[in-house]
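The values are calculated or read from the model by the stated rules, or taken from the named source; none is laboratory data. Values in this document were obtained by computation on a predicted structure and should not be read as measured data. We place every Cβ from the backbone using ideal geometry, glycine too, and count neighbours over all the protein chains shown. Side chains are part of the model used for accessible areas, which takes the heavy atoms of the whole protein and leaves out ligands, DNA and RNA. Shrake-Rupley method; radii C 1.70, N 1.55, O 1.52, S 1.80 Å.
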2 protein chains.
Amino acid sequence: MRITLIGSGNVATQLGSAFQRSEHSIVQVISRNEKSGIALAGKLKSDFTIDTKDATKVDCDLFLFAVKDSQIVEVAKEFKNTDKIILHTSGSIDVNVFKNKFKNYGVFYPLQTIKSNRNINFKNVPICLEASNSNTEQTLFKLAQSISENIFMLNSEQRLRVHLAAVFANNFTNHLYTLAEKILHQNHLPFELLKPLILQTANNIKDKSPSLQQTGPAVRNDKITIKKHLQLLSSDKELQKIYKLINDSIFKTHNKNLNSNP
Amino acid sequence: MRITLIGSGNVATQLGSAFQRSEHSIVQVISRNEKSGIALAGKLKSDFTIDTKDATKVDCDLFLFAVKDSQIVEVAKEFKNTDKIILHTSGSIDVNVFKNKFKNYGVFYPLQTIKSNRNINFKNVPICLEASNSNTEQTLFKLAQSISENIFMLNSEQRLRVHLAAVFANNFTNHLYTLAEKILHQNHLPFELLKPLILQTANNIKDKSPSLQQTGPAVRNDKITIKKHLQLLSSDKELQKIYKLINDSIFKTHNKNLNSNP
């Protein structure tokens, strides 16, 4: 397939590189950021332009919008009408943002935390697809299949819910790592201490639901340990609040489970 | 070394097996739970008794208390005085629980989530040690070295803080996985979707601080997405509260960082 990338950030870089490794051609990179746009076009051996106005004149099969959520509508406005496929890559933007202007459009949402600095292998990365019609759907499916074995057809509401779940599983989890690191560093202890535990905790979900693997003082209602922890956090009311809230949520979740599965 | 295990749960099973693989002898298993105690003694080819009264008569070098936090003091009371080394394995119990009765005592705290069903390789597991005197410390160090390359000398206060940090990094994180799974299942979506993301998020901390890797709507203050998420959570006030609190904490943490590192 012949692909135009709009954007030159992490998602554009990683998807563009993966498509090219799978023998697609990136014919054009369009980006307002001249520096990163030229760099990406150079890497992918494609043309570069800063201007979206004549984008649709270029001979290609689809346009992949890998821009910030807030820019998708704006960039779509600048595009001339076209029958070519228009895609965005966002978890939280409805496919219908393209409805009034285009005929063949959809979403290509890779569910992974994407950075530009090392090549991502998308083989196991879930790709969530949505399309405005079945022809477009087939094209998207082929494109997704060329880089991943893990493809899901989701409508916009489902995708938003997946995105929300991903915020809990990734963004919030990473913040808990950050808070744990802060507790250690405040006491001149190295974060190294926690790395094997963090990796093991994540690995444990591979073959068993996390709801069946909860450990710690909250689930066993160990009030003495909880009290000691809250005391240590007494000088940081925000951390204490987070501790209390998640602690309570763990206790309630597992007591509910016990009641419903006696 | 010749070791007596007190307890027959996950920690006793895993540490006992690891010590035995490193050519120590488990001479005795003492447990109130006759069934699991006899099973563990069978596995380790050691004697079994349910009674702590005559425990110290047995020819061994140290006694490892791998019992619930709440039972450590009680079991120690039942023990006769001895010069042999008495250890517990808890992150949150002060070493001084042994002070009035014993001379040679300490803590052997493996920082990992421990289940009995598969053999743990302790090679990379941090072992946190504390001892009542330097002779005991040397013995503990040798014992820890025989199963792990990752040994830390921590006093009781430091160990409690590490334990608190581990609650954030492991228990709370696992609960966020559970909440993410709940959001997906309520919408008939498979948890499989999130597994690659969860594994990648954990792996990313190997060589870079999590504080430098925060992504998501909170850190970029993407109010539109945050509003959509809160709306989806409107029927679950508890989840909504957790979302808001962690979201705010992410925003504050990274704005503070920006201010202090302009």
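Couple of notes before you dig in:
- Subset tally (residues that are within 10 Å of chain B (Cβ to nearest Cβ) and either within 12 Å of the chain's Cα centre (by Cα) or not charged (D, E, K, R) (or both)) for segment A:155-165: 7
- Against the conditions (1) more than 27 Å from A:PHE251 (Cα to Cα); (2) of a type in the set (Ser, Thr, Tyr); (3) surrounded by fewer than 24 Cβ atoms within 10 Å (Cβ to Cβ), B:TYR105 satisfies every one except (3).
- Any hit, segment A:209-219, residues being farther than 26 Å from B:LYS115 by Cα and small (Gly, Ala, Ser): no
- Residues that are assigned to a loop (DSSP other than H, G, I, E, B) and touching a His at 6+ places or on another chain (Cβ under 9 Å) within segment A:93-119 comprise just one, A:LEU111.
- Just one of the numbered conditions (1) open to solvent by 60 Å² or more (accessible area, probe 1.4 Å); (2) closer than 26 Å to A:LYS227 by Cβ; (3) within 16 Å of the chain's Cα centre (by Cα); (4) among the polar types (S, T, N, Q) is not true of B:ASN100: (3).
- Residue match in segment B:38-46 (condition: in contact with an Asp or Glu (Cβ under 9 Å, 6 or more places away or on another chain), surrounded by 15 or more Cβ atoms within 10 Å (Cβ to Cβ), at pLDDT below 95 and closer than 30 Å to B:PHE152 by Cα): no
- Residue in segment B:233-242 that is surrounded by 14 or more Cβ atoms within 10 Å (Cβ to Cβ), modelled with pLDDT under 95, of a type in the set (Val, Ile, Thr) and touching a Ser or Thr at 6+ places or on another chain (Cβ under 9 Å) present: no
- Looking only at segment B:120-136, and only at residues there that are open to solvent by 50 Å² or more (accessible area, probe 1.4 Å) and assigned to a helix (DSSP H, G or I), the one that is farthest from the other protein chains (Cβ to nearest Cβ): B:ASN135
- Note on segment B:201-216: residues that are more than 22 Å from the chain's Cα centre (by Cα) and within 7 Å of another protein chain (Cβ to nearest Cβ) amount to 5.
- Any hit, segment A:62-79, residues being outside any helix (DSSP H, G or I), open to solvent by 10 Å² or more (accessible area, probe 1.4 Å) and within 14 Å of another protein chain (Cβ to nearest Cβ): yes
- Conditions (1) farther than 17 Å from B:ILE250 by Cβ; (2) in contact with a helix residue (DSSP H, G or I) (Cβ under 7 Å, 6 or more places away or on another chain): number failed by B:ALA180: (1)
- Applying the set (1) at pLDDT 95 or above; (2) open to solvent by 20 Å² or more (accessible area, probe 1.4 Å); (3) touching a helix residue (DSSP H, G or I) at 6+ places or on another chain (Cβ under 6 Å) to B:LYS115 leaves exactly one unmet item: (1).
- Any chance A:ALA131 is over 14 Å from the mean Cα position of the chain (by Cα), in contact (Cβ under 8 Å) with a residue 24 or more places away in the chain and more than 23 Å from B:THR201 (Cβ to Cβ): yes
- You will find that of B:ILE6, B:ILE38, B:ILE86, the residue that is in contact with a helix residue (DSSP H, G or I) (Cβ under 8 Å, 6 or more places away or on another chain), under 30 Å from A:LYS208 (Cβ atoms) and of a type in the set (Val, Ile, Thr) is B:ILE6 and no other.
- Matching residues in segment A:49-61 - criterion: being open to solvent by less than 20 Å² (accessible area, probe 1.4 Å) and either in a helix (DSSP H, G or I) or in contact with a helix residue (DSSP H, G or I) (Cβ under 7 Å, 6 or more places away or on another chain) (or both): A:THR52, A:ALA55
- Breaking point among (1) more than 7 Å from chain B (Cβ to nearest Cβ); (2) closer than 24 Å to B:VAL125 by Cβ, for A:PHE251: (2)
- Test: residue in segment A:80-92 that is in a helix (DSSP H, G or I) and either polar (S, T, N, Q) or under 24 Å from A:GLN14 (Cβ atoms) (or both): no
- Taking first residues from segment B:21-48 that are part of a loop (DSSP other than H, G, I, E, B) and partners that are loosely packed, with under 14 Cβ neighbours inside 10 Å, the Cβ contacts under 7 Å between residues at least 6 apart in sequence or on separate chains come to B:SER31/B:ILE50; B:ARG32/B:ILE50.
- One residue alone among A:PHE168, A:PHE172, A:PHE152 is in contact (Cβ under 8 Å) with a residue 24 or more places away in the chain, at the interface with another protein chain (Cβ under 7 Å from one of its Cβ atoms) and among the aromatic types (Phe, Trp, Tyr), and that residue is A:PHE152.
- Total residues in segment A:1-36, condition more than 18 Å from the chain's Cα centre (by Cα) and surrounded by fewer than 21 Cβ atoms within 10 Å (Cβ to Cβ): 14
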